[in-house]
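Visitor: Just dropping this structure here.
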Amino acid sequence: MTDLSALAAHETSIQRASSSSWSAVRALRRWFDSNAPAHEEDAGVRLDWGRAAPFIGMHAGCLGILLTGVSPTAAWTAAALYVLRMFAITAFYHRYFAHRTFRTSRAVQFVFALVGASGAQRGPLWWAAHHRNHHRHADTALDPHSPGLRGFFWSHMGWFLTPRAFHTDWPRISDFAGYPELRWLDRYDVVSPVALAVALYSAGTLLARLAPDLHTDGAQMLVWGFFVSTTLLFHATVTINSLAHRFGKRRFATRDDSRNNAILAVLTFGEGWHNNHHFFPGSARQGFRWWELDLTWLGLRMLALCGLIHDLKPVPAWVLAKGRG
Ligand SMILES: [Zn+2]
Ligand SMILES: [Zn+2]
């Protein structure tokens, strides 16, 4: 009898170990393929540590600066990549894919989707679908990231790391889901950031050999250009979900808790005029006054002058008139 119960206990522990290793395999697969079969608790709101490991790794990678030091080349590369990718996120992930505030060609939409995806904020369709749900349900129980309901950590990044947030809400983004190249980018959202990391390491290695006076190398370019720049880009972007629904002025009495915040507008190239944006999301411009700095709007106008995009939707006169005073 004793032998039998020991055998049963042994089998149970093998089953448990096998089930948890299968969970690990599933989490690992989903790092590389966001369409891979999900865990059974897929609708949960707990933090999914297995899936979140690359996100944590990205933060840990910033500690690499202690080993690599810094050079002007690495610091400028980090800054340039912040600027380029912030523009791709705000102009294309947000103002184009989520709100359709201008028109462009299939090639341009893909190029900027690819650049935006290198910011490791998942694919453009995933991003835009979640953001459309945010506008639809802002600061209600159905909002994916309301600070008023679930606090700062949740709204800033907690929600992003829960199993239920990993899905793309396809019905919400059906207007773009017909493009196979965008669906591919959404499914393999890891490809663009990894390609950028490899390119930075390779460029740094090459510079170390060809231009030793720059005092950089592969590891330093990887740490600054990818880990530091991408981590800052992530946290700046998500302040719009956390801080811009808490701190700032409310020009418009919207049904949500959105605010206009000048500091956040500088960090995010115009997204900080979030109360303006919640009142009228259909405009490509978010700074409604001449003094409301909106670098994304300026960038979009430059792209329009070059003929790469067109039909930028302006802020209507009735909105400007309503916002006075
Ligand atoms: Zn909002
Ligand atoms: Zn929006």
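Each reported figure results from applying straightforward, stated rules to the coordinates on display, with no laboratory input. All figures in this text were calculated on a predicted structure; none of them were measured in a lab. For neighbour counting, all protein chains shown are included, and Cβ atoms are generated from backbone atoms with ideal geometry for every residue, glycine included.
Visitor: If you wrap a convex hull around the C-alpha atoms of segment 92-213 and split its volume per residue, what is the figure in Å³?
Guide: Residue-normalised Cα hull volume stands at 146 Å³.
Visitor: Can you list, bin by bin at 5 Å, the percent of alpha carbon pairs in segment 125-174, starting at 0?
Guide: Per 5 Å bin, starting at 0, the Cα pair percentages come out as 5, 24, 29, 29, 11, 3, 0.
Visitor: Here's a follow-up. Based on Cβ point charges of +1 for Lys and Arg and -1 for Asp and Glu, what charge dipole magnitude is obtained for segment 57-256 about its Cα centre, in debye rounded to the nearest 20?
Guide: Roughly 760 debye for segment 57-256.
Visitor: Average projected area of the Cα convex hull of the chain, in nm²?
Guide: Projected area, direction-averaged: 21.6 nm².
Visitor: Rank the residues L214, L267, L305, L28 as a footprinting-exposure proxy: fewest other Cβ atoms within 10 Å of their Cβ go first.
Guide: Result, fewest neighbours first: L305, L28, L214, L267.
Visitor: If you don't mind, there's one more thing I want to ask. Out of P171, P147, P314, any idea which swings most in a Gaussian network model of the chain, alpha carbons joined below 10 Å?
Guide: In the Gaussian network model the winner is P171.
Visitor: So how far, in whole Å, is the C-alpha centre of segment 65-109 from the one of segment 110-148?
Guide: Distance between centres, Cα-based: 16 Å.
Visitor: Listing W318, W159 from the residue with the fewest other Cβ atoms within 10 Å to the one with the most, what is the order?
Guide: W318, W159
Visitor: May I pose another question? Which of A203, A211, A75 moves most in a GNM of the chain, Cα contacts under 10 Å?
Guide: A211
Visitor: Let me ask something additional. Can you give the FRET efficiency for W318 and D213, using 1/(1 + (r/R0)^6), R0 = 51 Å, r = Cβ-Cβ distance, to the nearest 0.05?
Guide: It comes to 0.30.
Visitor: Also: Between W273 and residues 5 or more places away or on another chain, which pairs have amide H atoms under 5 Å apart, with H built 1.01 Å from N, and which residues are they?
Guide: N261
Visitor: Dimensions of segment 195-297 along principal axes (Cα, Å, largest first)?
Guide: Principal-axis extents of the Cα atoms in segment 195-297, largest first: 58, 25, 21 Å.
Visitor: Could you point to the residue in N276, G218, P147 farthest towards the positive end of the chain's charge dipole, with +1 and -1 charges on the Cβ of Lys/Arg and Asp/Glu respectively?
Guide: The one lying farthest along the dipole's positive direction is N276.
Visitor: Moving on to the next point. How far apart, in nm, are two points set 7 Å out from the Cα along the Cα-to-Cβ line at V194 and at L142?
Guide: 3.6
Visitor: Still on this structure, I have one more. Along the charge dipole of segment 57-256, pointing to its positive end and built from +1/-1 on Cβ of Lys, Arg, Asp and Glu, which listed residue (G61, W126, S229) has its Cα farthest out?
Guide: Going by the charge dipole, the pick is W126.
Visitor: From Cα pairs below 8 angstrom and at least 6 apart in sequence, can you work out the relative contact order of segment 57-256, rounded to a whole percent?
Guide: In percent, rounded to a whole number, it is 33.
Visitor: Tally Lys and Arg at +1 and Asp and Glu at -1 over the other residues with C-beta under 12 Å from the C-beta of A236: what net charge comes out?
Guide: So the surrounding residues net to 0.
Visitor: With springs only between Cα atoms under 10 Å, which of A177, A236, A138 fluctuates most in a Gaussian network model of the chain?
Guide: Judging by the Gaussian network model, the answer is A177.
Visitor: Hey, another quick one. Got a sec? Charge dipole of the chain, +1 on Cβ for Lys and Arg, -1 for Asp and Glu; which of A199, P314, F176 is way out at the positive end?
Guide: P314
Visitor: Helix-only estimate, please: 222 nm mean residue ellipticity of the chain, summing -39500 (n - 2.57) across DSSP H runs of length 4 or more and dividing by its residues, to the nearest 500.
Guide: -15500 deg cm²/dmol
Visitor: Using the count of nearby Cβ atoms within 10 Å as a rough guide to exposure, how do R100, R285, R46 rank from fewest to most?
Guide: R46, R100, R285
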